[in-house]
């Protein structure tokens with residue numbers, strides 16, 4: 001069977017004051033947009049459900065849903081995420097239909113919804129993903145968030161391939177199933193970690209820097225937080241008066257300091273100071289002059305490095321990973337169109 005061509009339409013760049021916590025890919029061929037939105041929303045909400053879990057990405061959820069229901073193919077998906085008609089697996093009564101040979105004691109024990117939850121599993125992992133006060137396995141948002149919670153267990157690191165395999169095996173105890181799901185996760189991951197093509201064209205140290213930063217997605221923003229060894233409690237206070245003293249996480253330069261430390265490069269602690277390291281790429285050359293792994297800067301006055309207030313790591317295709325501001329988490333998003341001040345190449 002031919003593999004479908006994957007297509008992504010990136011969201012337009014936004015100013016930092018209005019950028020939402022969840023960034024979106026516009027289109028991926030073979031996935032209904034409403035289902036794609038559910039996967040992305042679940043990945044964004046997951047840190048609030050299982051804070052210890054790392055590395056949950058929409059391609060992981062898409063890989064599961066591809067095998068379980070082909071992304072609810074042939075069903076109608078309402079604006080609120082409800083799917084009709086319902087997707088139901090065969091009744092597990094030991095009849096042999098659908099490969100089941102063991103009868104289960106529950107009267108209506110069958111897999112439900114686009115992620116094919118068993119009733120007992122849904123009872124423990126089901127979540128209200130769309131905020132309507134219900135936990136419905138036949139709702140795209142609820143089911144995707146429930147699947148994310150179930151895959152994360154007590155706090156897996158899904159950036160680790162072995163732990164990702166274990167999570168998928170827990171979902172369905174079949175090595176063939178694990179291989180099928182992984183193959184789709186890898187295909188969807190070519191589009192990136194929600195909004196970018198993951199480290200497009202990056203190799204060597206640049207890829208290590210990018211992978212290290214992406215592995216911290218979901219870690220809270222903490223003013224003054226983060227260092228070469230990872231997240232730390234921050235200090236008081238940001239220009240808006242937010243304290244990081246009780247929050248273990250990263251601010252913008254703390255994240256870049258950590259990512260570059262993984263390849264043996266020591267950076268100063270502030271964004272403005274970091275702009276003086278490596279080969280400076282002026283804003284006048286535009287985003288197209290950047291390469292994956294470069295630092296990318298933002299300033300009150302883009303012509304003056306002394307006014308730089310923010311730094312991220314360029315991922316390619318107009319995207320960056322950064323710790324944006326208090327109240328957010330480390331995330332990948334489109335480069336802001338406000339205050340772009342160029343970049344710096346250290347690798």
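The values are calculated or read from the model by the stated rules, or taken from the named source; none is laboratory data. Note that the structure is predicted; figures quoted are calculated from it, not measured. For neighbour counting, all protein chains shown are included, and Cβ atoms are generated from backbone atoms with ideal geometry for every residue, glycine included.
Structure values in brief
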quantity	calculated
Complete set of residues in segment 246-267 that are exposed (fewer than 14 other Cβ atoms within 10 Å of the Cβ) and either in contact with a helix residue (DSSP H, G or I) (Cβ under 6 Å, 6 or more places away or on another chain) or modelled with pLDDT under 95 (or both)	246
Unmet criterion (only one of (1) surrounded by fewer than 20 Cβ atoms within 10 Å (Cβ to Cβ); (2) more than 15 Å from the chain's Cα centre (by Cα)) for residue 69	(1)
Single unsatisfied condition, residue 82 versus (1) in contact with a strand residue (DSSP E or B) (Cβ under 7 Å, 6 or more places away or on another chain); (2) over 16 Å from residue 148 (Cβ atoms); (3) crowded, with 20+ Cβ neighbours inside 10 Å	(3)
Unmet criterion (only one of (1) at pLDDT below 95; (2) closer than 22 Å to residue 40 by Cβ; (3) outside any loop (DSSP other than H, G, I, E, B)) for residue 129	(3)
Subset of segment 300-321 [under 19 Å from the mean Cα position of the chain (by Cα) and part of a loop (DSSP other than H, G, I, E, B)]	317, 318
Within segment 112-127, considering residues that are free of Cβ contacts under 8 Å to residues at least 60 places away in the same chain and within 13 Å of residue 148 (Cβ to Cβ), the one farthest from the chain's Cα centre (by Cα)	117
Among the residues listed as 324, 332, the single one being touching a residue at least 40 places away in the same chain (Cβ under 8 Å) and not in a loop (DSSP other than H, G, I, E, B)	332
Qualifying residues in segment 331-347 (those that are buried (at least 24 other Cβ atoms within 10 Å of the Cβ) and touching a strand residue (DSSP E or B) at 6+ places or on another chain (Cβ under 6 Å)) - the one nearest to residue 293 (Cα to Cα)	343
Per-region count, segment 335-347, residues more than 18 Å from residue 254 (Cα to Cα), more than 17 Å from the chain's Cα centre (by Cα) and assigned to a loop (DSSP other than H, G, I, E, B)	5
